[in-house]
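Report on one structure; see the data block that follows.
The values are calculated or read from the model by the stated rules, or taken from the named source; none is laboratory data. Computed from a predicted structure; not experimentally measured. Positions of Cβ are backbone-derived with ideal geometry, glycine not excepted, and every protein chain shown enters the neighbour counts. The accessibility values were calculated without ligands, DNA or RNA, using every heavy atom of the protein model including side chains. Shrake-Rupley method; radii C 1.70, N 1.55, O 1.52, S 1.80 Å.
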Amino acid sequence: MNTNTFAALGCNAALVAALDRRGYTTPMPVQAETFKAGLEGRDLLVQSQTGSGKTLAFGLPLIHRLTSEKYPQALILAPTRELAQQVGEELRSVDRSLNIALLVGGTPYQPQMKALHYGSSIVVGTPGRVMDHLDRGSLDLSKISMVVLDECDEMLNMGFIEDVEKILAAAPKGPQTYLFSATLPPPIASLAKRFLKDPVKIQLSGSGEQAQHADISHAACLVPDHARVKALVNLLLLDNPSAALIFTKTKAETEEVAEALTQAGLSAAFLHGDLVQASRTRILNQFKSGKLHLLVATDVAARGLDISGLPLVVHLGIPHQLENYIHRSGRTGRAGAKGTSMSLVAWKESRILMAWARRGGLNIVWRPIPQQSDLRTAAAVRLAEKLKAADTHAHRAEAESLLAAYAPVDLVSKLLNFIEREEATGFDIPEEPARDRVPFKREGASRPFSKQPFDRNEKRPFEKKPYEKRPYEKKPFEKKPYEKKAFEKSPYSAGDKVGFKPKPKADRPTGTPFKKKS
Ligand code: AMP
């Protein structure tokens with residue numbers, strides 16, 4: 001079958017036109033693979049990376065199969081509010097007439113109840129809020145004919161899988177079910193076994209353990225914990241990405257890092273689950289529109305985010321599992337764009353990252369910590385380029401009078417000084433020296449580094465230290481005069497029961513623990 005166009009796949013003309021308006025002329029591989037089976041009503045078990053076009057992979061057949069009836073016909077479950085929101089927006093972008101109820105936490109119930117009451121045919125939500133609506137009786141799943149479980153492994157990681165099972169049990173037997181997951185750990189495989197009927201299995205290359213995504217390059221930098229944020233500042237100043245999503249492990253860290261970046265003159269904000277929904281939406285919109293360049297987030301807050309053209313993801317320390325690393329990295333390299341996933345790791349984490357690279361088939365390029373000298377060189381190159389393109393007429397008169405007042409070399413040095421003061425200059429970070437097996441070895445690094453990586457099998461020369469005899473110092477014996485101390489009575493002694501002080505009567509518990517037998 002020709003899968004080069006949406007029309008050839010069998011998409012209706014209205015959808016083809018809408019996709020065309022969005023600039024989508026060629027189906028992405030996952031869309032080409034799922035469309036026909038989805039349209040025929042088959043269950044689907046799809047293992048594909050985030051950012052591969054999976055929303056429309058289930059969305060297009062789903063929209064084709066909707067009837068004009070005004071009751072929930074399709075239920076889409078997603079792990080996070082943001083992903084649920086994105087799914088809703090993506091579906092609406094190709095069909096404005098869709099009635100979608102968005103059931104996510106952190107937002108008021110009233111508009112959600114209204115949407116359900118007035119007959120939404122698609123319900124998109126997070127498991128927690130969908131459960132709440134089921135409990136309140138505001139959501140009726142009795143006529144559901146399609147169910148989508150999006151980023152199922154993430155729902156498992158976030159502890160939602162029990163809720164998902166309860167929701168599936170509340171739906172009538174046998175709706176068409178689409179299960180999308182980047183990885184298929186045993187609990188997901190078992191869920192698929194119980195809830196999918198003879199599914200069409202689709203596994204796109206680059207899924208699962210073999211995580212190398214063609215459009216994402218992986219890089220890392222070995223940096224001790226205490227210098228990590230400074231190294232991040234230097235890295236951002238040097239590479240000057242148009243935007244970057246920076247991951248930290250804790251909520252507190254997101255705030256600290258965003259603050260440090262702002263102080264270093266970079267425009268940054270933080271995103272974590274404790275922010276009210278309105279703030280989260282505002283920050284995300286600023287980031288998506290390019291007004292905000294740097295976003296520091298926790299895994300949970302940034303799950304499922306789709307920021308088109310995001311060129312850089314930074315991991316400040318590695319996440320708990322390879323799967324999380326893959327998901328984080330999947331925020332870049334989306335829809336055919338190239339991106340970099342960069343880790344700033346301390347020694348121990350670098351070993352884990354290298355083990356993950358072997359397991360996931362990732363090719364990690366180790367970089368040195370960018371130094372102030374690198375920033376200066378890069379700034380000089382940028383300045384030289386700007387000078388080439390700069391207008392020489394605008395300030396001619398001032399230039400001539402300045403040249404009359406100063407020697408040319410003095411004048412240029414002064415001006416360069418001004419320029420340098422205008423630009424953020426980054427930090428000077430002591431170089432971690434390298435040994436042969438360190439991930440990156442910078443020429444000339446020399447300071448001894450106690451926690452160097454070593455190969456357990458490698459024989460290291462035994463260094464015998466010469467025995468140093470320390471001179472024996474004989475100290476004269478000092479006789480201390482005997483001091484007689486007065487006997488102090490313990491405040492807790494009472495009568496002959498030493499250490500026990502009876503409570504005053506008023507403090508004793510009243511009432512008897514046992515009932516007296518009459
Ligand atoms: P998803 O995996 O659904 O989050 O999609 C990743 C990105 O790919 C989104 O920004 C989509 O809008 C975009 N996308 C989806 N389908 C296509 C297509 N056929 N051509 C180009 N971009 C697409």
**5 angstrom amide H check on Val296, placed H, neighbours 5+ away** = Ile246, Ala269, Phe270, Leu271
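Where does each of 262-272, 51-61 land if you order them by average Cβ count within 10 Å, highest first?
51-61, 262-272
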**Message:** What does the extension gain come out to for Lys166 and Lys475, with contour length at 0.36 nm per residue minus their alpha carbon separation?
**Reply:** 103.3 nm
**Prompt:** Radius of gyration and Dmax for region 261-317's Cα atoms, expressed in Å?
**Reply:** 11.1, 29
**Message:** Just to verify a number: what accessible area does His327 come out at with the full protein assembly present, 1.4 Å probe, Å² rounded to tens?
**Reply:** 10 Å²
**Integer Hz, Karplus 6.51/-1.76/1.60 couplings in order for region 341-354, x for Gly and Pro** = 10, 10, 10, 10, 10, 7, 3, 4, 5, 5, 5, 5, 4, 5
**Request:** Scan around Ser343 for amide H atoms under 5 Å from its own, H built in the peptide plane at 1.01 Å from N, and keep only partners 5 or more places away or cross-chain.
**Result:** Ala219, Ala220, Cys221, His315
**3J(HN,Hα) from dihedral phi, region 174-191, Karplus parametrisation 6.51/-1.76/1.60, rounded to Hz, x for glycine, proline** = x, x, 5, 10, 10, 10, 10, 7, 6, 10, 10, x, x, x, 6, 4, 5, 4
**Asked** How much of Arg376 can a 1.4 Å solvent probe reach, expressed as accessible area in Å² and rounded to 10?
**Response** 130 Å²
**Request:** Evaluate the distance, in nm, between pseudo-label points positioned 7 Å from the Cα of Leu39 and of Asp20 along their respective Cα→Cβ axes.
**Result:** 1.7 nm
**Prompt:** Tell me, what is the percent relative contact order of region 216-372, built from C-alpha pairs under 8 Å that lie six or more residues apart?
**Reply:** 38 percent
**Request:** Mind checking the full-extension length gain between Arg136 and Leu402? Use 0.36 nm per residue of separation minus the Cα-Cα distance, one decimal, nm.
**Result:** 88.1 nm
**Asked** Trp366: accessible area at probe 1.4 Å, nearest 10 Å²?
**Response** 40 Å²
**Asked** What is region 6-210 by shape, rounded, prolate or oblate, if you read a ≥ b ≥ c off the alpha carbon gyration tensor as root eigenvalues and call it rounded for a/c under 1.5, prolate for a/b larger than b/c, and oblate otherwise?
**Response** oblate
**Item:** Long-range HN-HN contacts of Leu44 with modeled amide H, under 5 Å
**Value:** Thr177, Tyr178, Leu179, Val200
**Prompt:** For region 295-302, what does the Karplus curve 6.51 cos²θ - 1.76 cosθ + 1.60, with θ = phi - 60°, yield as ³J(HN,Hα) per residue in whole Hz, taken in order and with x for Gly and Pro?
**Reply:** 10, 9, 9, 8, 4, 4, 5, 9
